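The values are calculated or read from the model by the stated rules, or taken from the named source; none is laboratory data. From a predicted model like this one, the values you see are computed outputs, not experimental measurements. FYI the Cβ positions are ideal-geometry reconstructions off the backbone, even for glycines, and counts take in every protein chain you see. When the accessible area is computed, the model is the full protein with side chains, heavy atoms only, and any ligands, DNA or RNA have been set aside. Shrake-Rupley method; radii C 1.70, N 1.55, O 1.52, S 1.80 Å.
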Amino acid sequence: ELRPYQQDGFRWLARLAEWSGGAVLADDMGLGKTVQALALLLRRADGPALVIGPASVGWNWVQEAERFAPSLRINEYRGSDRDALLKDLGPGAVLVTSWDLLARDIDVLADVDWSTVVFDEAQAMKNPSTRRHKAARRLKAGFLLVLTGTPAENHAGELHAMMQVVLPGLLGSREQFRHRFLGPIQEGNNAARQALAQLISPFVLRRLKRDVAKDLPDRIDVTRSIDLSPAERRIYDRVRKAGLSQLAVADETGDAQQRMKVLALLTRLRLAACHPKLADPDSTAPSTKTEEVLELLDALRSEGHAVLVFSQFVKHL
């Protein structure tokens, strides 16, 4: 059951899908861009759809689809046998993949006629010289949807890069855009900023939390699932195997402190999942979780939000 502003967003998307090639849904973080996009995928389920986003949001898309749109046949396009998923495309099929896999597998993904393509957290393709951006431009689809929480009006250059994917030609070439809009805007020309806003307004929808406050619950919980990198996984498995060996020895000797040792092992595993250095001070592996948090903080800060970060591990903070 969509909230009133989400119903408006879905209707807006449905109308645009009938007469344009793409759109940008730039609602504030936490307002349910994924749910609105799923509603659109249901409406356009006459053909296959592709969702592209950071690897960390793939699981979230699958969970949200199973909860809100169970009639869609959604799968994560990943792993060594992912090619098999392309053989079973049809009405209601949705593949969810990462930006890196899009760039790697673009030759096969570009051969599919997608009904809808969704670019989640599309700031990942803000640089037109990257493999991600070039791959995104090669996809063929009846409708292209960009989801981003970053205010497009504050990043004119990034806006042009996104529009070149979903509505190529609308803002002209990079040189034309730089001459007509980007240069004057950077010099403080409000007329150029207003002209750009007017030009893109039919294709960009952005609502802030304060705009829809009456429709929001007291709190919105969003869970992010993050995959460990290979280096982190090796450290995690090393901690797990060592702990299991210790527990096996304690079990054979009838150690009365077995329960406390189990809890201690779980704590060590949680530390290893947060940051490799918390489990191995000599590790040079970066923390996937910390990098994800920092990216999220950057996005929230760009939207002007205040942020409070908690961790049960002081060393992590």
* Asked: Under 6 Å by Cβ, and 6 or more places apart or on different chains, what pairs join a residue from the range 279-304 that is within 26 Å of GLY243 (Cβ to Cβ) with one that is in a helix (DSSP H, G or I) and hydroxyl-bearing (Ser, Thr, Tyr)?
  -> GLU292/SER56
* If you check GLY157, GLY169, which single one turns out to be modelled with pLDDT under 90 and out of contact with any helix residue (DSSP H, G or I) (no Cβ under 8 Å at 6 or more places or on another chain)? -> GLY169
* Take the residues of the range 187-206 that are part of a helix (DSSP H, G or I), small (Gly, Ala, Ser) and free of Cβ contacts under 8 Å to residues at least 40 places away in the same chain: which is surrounded by the fewest Cβ atoms within 10 Å (Cβ to Cβ)? -> ALA191
* Within the range 112-127, restricting attention to residues that are in a loop (DSSP other than H, G, I, E, B) and surrounded by 18 or more Cβ atoms within 10 Å (Cβ to Cβ), which residue is modelled with the highest pLDDT? -> GLU121
* From the list ALA213, ALA272, which one is open to solvent by less than 100 Å² (accessible area, probe 1.4 Å), of a type outside the set (Phe, Trp, Tyr), over 30 Å from GLU1 (Cβ atoms) and without any contact (Cβ under 8 Å) to a residue 60 or more places away in the chain? -> ALA272
* farther than 24 Å from ASP27 by Cβ, modelled with pLDDT under 90, in a helix (DSSP H, G or I) and of a type outside the set (Val, Ile, Thr): does that describe ARG137? -> no
* Return the residue satisfying two criteria in turn: it lies in the range 36-55 and is in a helix (DSSP H, G or I) and at pLDDT 95 or above, and of such residues it is farthest from SER115 (Cα to Cα). => GLN36
* Using beta carbons and a limit of 6 Å, which pairs, at least six apart or on different chains, have the first residue in the range 154-177 and in contact (Cβ under 8 Å) with a residue 60 or more places away in the chain and the second one among the basic types (Lys, Arg)? -> VAL165/ARG137
* Just to be sure, is ASP107 open to solvent by 40 Å² or more (accessible area, probe 1.4 Å), closer than 11 Å to LEU50 by Cα and over 17 Å from the mean Cα position of the chain (by Cα)? -> no
* Filtered residues of the range 207-237 (kept if within 15 Å of SER287 (Cα to Cα) and either aliphatic (A, V, I, L, M) or not in a loop (DSSP other than H, G, I, E, B) (or both)) -> ILE226, LEU228, PRO230, ALA231, GLU232, ARG233, ARG234, ILE235, TYR236
* To do: Evaluate the following for ALA14: is it within 25 Å of ARG206 (Cβ to Cβ), in contact with a helix residue (DSSP H, G or I) (Cβ under 7 Å, 6 or more places away or on another chain) and outside any loop (DSSP other than H, G, I, E, B)?
  => yes
* Asked: Would the range 225-238 turn up any residue that is under 30 Å from ALA279 (Cβ atoms), more than 29 Å from the chain's Cα centre (by Cα), surrounded by 11 or more Cβ atoms within 10 Å (Cβ to Cβ) and at pLDDT 85 or above?
  -> yes
